[in-house]
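Asks: Here's a structure for you.
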Amino acid sequence: MIVWLNGAFGAGKSTAARELLDLLPGSTLYDPGPLGDELRRMLPKERLAQVDDVRELPAWRRLVADTAVALLSEVPGPLVAPASLLRRIDRDEIFGILAARRVPVHHLLLHAEETVLRGRIDQRPDLDGESTRAWCLARLDDYRAALPWITAEAHTVDTTRLTPRRTAERVAEALRDGAGAQDIVQTPEPVGETVAAGVLLFDESDRVLLVDPTYKAGWEFPGGIVEPGEPPARAGVREVAEELGLRLTADPRLLVVDWEAPCPPRFGGLRMLFDGGRLDPRQSAEVLLPGAELRGWRFVTEREAAELLPPVRLERLRGALRARDAGRPLYLEGGVPRGD
């Protein structure tokens, strides 16, 4: 198990975490901070120049999750991780990887009034010639912006008038009640190439339905991995029923087959998109999401999809829309049409 203590940078999470170790038998402090330092040391300067912060790199998110799993193979747990996660993409991918590895996560927010936060940050020492205090203060805007989604899912402990010890006691009490448990449903990570089937559903304006997963970055199409022995079209229909609560009465029509090349640590495989037809307003009103997998859905235009989908999924969508207009399926490789 991992106890993830979220909050503003410089808010005293690490101090409270060290106090918490005394209250959780077998617990180990897990500070992901040094992982970022190592990435800065090892990556070429050209790659680092492409981001403002090393925490923006996909490698950082995977290192954080993989290191936690490795630590749990050496210690009984739980791990206590005092680390700020202020971007939803970081939360989704890290917690999603942990869910796939069957590692339970309890997400708690250590929150304090801003005047108190500023006071705590002002008491921090400066390191390596850089103003640590100024760095933390500059990120309070990011913390304010993240509060709505963090408070919606994490258990909040108001530390405004609490000492670090009393904060740790409140956290321990909350954990005994199961507070902050992240109910993320995620299949185990694949051990080889996979086949996945997605279904495109449209509204009366021909906007396409996308869903927002809780376990990975970016929006997606309804769908999932094809189970052994299962026809891909039937897998797509099954996933639409499981994810959206909708029963498709007609067989979906194939739009694209896209070969996704292996890109470690991902194995790649075949990705299929089917046309599930149009939903009328009554059907749209019946959409019911499984909260453990999806947090939202919406109909979008192709232009709006470009702001939500990762590049490879966006190109797959564009190929599918082209195939839908042409009335015949397309074969893609990495989203690029081949043999057309």
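Asks: Could you go through segment 110-116 in sequence order and give the Karplus-derived ³J(HN,Hα) for each residue, using 6.51 cos²θ - 1.76 cosθ + 1.60 with θ = phi - 60°, rounded to whole Hz, and x for Gly and Pro?
Replies: 9, 10, 9, 4, 4, 4, 5
Asks: Sticking with this one: At 222 nm, what helix-only mean residue ellipticity would the chain give, in deg cm²/dmol to the nearest 500, using -39500 (n - 2.57) for each DSSP H run of four or more?
Replies: Calculated from helices alone, the mean residue ellipticity at 222 nm is -11500 deg cm²/dmol.
Asks: I would also like to ask the following. Tell me the per residue accessible area of the chain using a 1.4 Å probe; a whole number in Å² is fine.
Replies: Using a 1.4 Å probe on heavy atoms only, each residue of the chain averages 50 Å².
Asks: Return the percentage of antiparallel bridges among DSSP beta bridges fully within segment 253-340, rounded to the nearest 5 %. The partial results should precede the final answer.
Replies: Details: 10 of 14 bridges.
That works out to approximately 70 percent antiparallel.
Asks: Quick check on segment 128-170: take the gyration tensor over C-alpha atoms, sort the square-rooted eigenvalues as a ≥ b ≥ c, and tell me if it's rounded (a/c under 1.5), prolate or oblate. Please report the intermediate quantities before stating the final value.
Replies: Values: a/c = 3.17, a/b = 1.30, b/c = 2.44.
In terms of gyration-tensor shape, oblate.
Asks: Once you have the Cα-Cα distance between residue 176 and residue 131, take 0.36 nm times their residue separation minus that, and quote the gain in nm to one decimal.
Replies: Here the answer is 12.4 nm.
Asks: What do you reckon, how do 280, 92, 141 stack up by accessible area (1.4 Å probe), largest on top?
Replies: The ordering from most to least exposed comes out as 141, 280, 92.
Asks: What shape does segment 143-239 take by its C-alpha gyration tensor, where a ≥ b ≥ c are the square roots of the eigenvalues and a/c under 1.5 counts as rounded, a/b above b/c as prolate, and the rest as oblate?
Replies: prolate
Asks: I would also like to ask the following. Taking the simple approach of a point 7 Å from Cα along Cα-to-Cβ for both residue 328 and residue 138, what is their distance in nm?
Replies: 5.6
Asks: Where both residues lie in the chain, what percent of DSSP beta bridges are antiparallel, nearest 5?
Replies: Around 45 percent of the beta bridges assigned by DSSP in the chain are antiparallel ones.
Asks: Here's another thing I want to ask about it. Testing the spin-label approximation: label points 7 Å from Cα along Cα→Cβ at residue 69 and residue 22. State their distance in nm.
Replies: 3.5
Asks: Sorted by packing (mean other beta-carbon atoms within 10 Å per residue), highest first, where do 16-27, 145-156, 47-58 land?
Replies: Numbers: 16-27: 17.4, 145-156: 15.2, 47-58: 13.0.
Ranking the peptides 16-27, 145-156, 47-58 by packing returns 16-27, 145-156, 47-58.
Asks: Distance between Cα centroids, segment 219-238 to segment 81-159: provide it in whole Å.
Replies: Between the Cα centres of segment 219-238 and segment 81-159 lies a distance of 36 Å.
Asks: Also, quick follow-up: Size of segment 290-340 along its principal axes in angstrom, Cα-based, largest extent first?
Replies: Each principal axis gives a Cα extent; for segment 290-340 these are 40, 20, 20 Å.
Asks: A follow-up question, please. Excluding residue 294 itself, calculate the net charge of residues whose Cβ lies under 9 Å from the Cβ of residue 294, where each Lys or Arg counts +1 and each Asp or Glu counts -1.
Replies: Every neighbour counted, the sum reads -3.
Asks: Another one. Mind running the shape call on segment 201-340? Use the C-alpha gyration tensor, a ≥ b ≥ c as the square roots of the eigenvalues: rounded below 1.5 for a/c, prolate if a/b tops b/c, oblate otherwise.
Replies: rounded
Asks: Hey, another quick one. Which residue, 269, 192, 236, has the most motion in a Gaussian network model of the chain that connects Cα atoms within less than 10 Å?
Replies: Result for the chain, Cα springs under 10 Å: 192 fluctuates most.
Asks: Right, another one. Would you please give the FRET efficiency between residue 191 and residue 263, computed as 1/(1 + (r/R0)^6) with r the Cβ-Cβ distance and R0 = 22 Å, to the nearest 0.05?
Replies: 0.90
Asks: Something else about it: Please report the Cα spread of segment 62-178 along all three principal axes, rounded to whole Å, starting with the longest.
Replies: The Cα atoms of segment 62-178 stretch 39, 33, 28 Å along the principal axes, largest first.
Asks: OK, next. Report the net charge of residues surrounding residue 140, where surrounding means a beta-carbon distance below 9 angstrom and charges are Lys +1, Arg +1, Asp -1, Glu -1.
Replies: 0
The values are calculated or read from the model by the stated rules, or taken from the named source; none is laboratory data. Computed from a predicted structure; not experimentally measured. No Cβ is skipped: glycine too gets one built from the backbone with ideal geometry, and neighbour counts run over all protein chains shown. The area values use the complete protein model at the heavy-atom level, side chains included, leaving out ligands, DNA and RNA. Shrake-Rupley method; radii C 1.70, N 1.55, O 1.52, S 1.80 Å.
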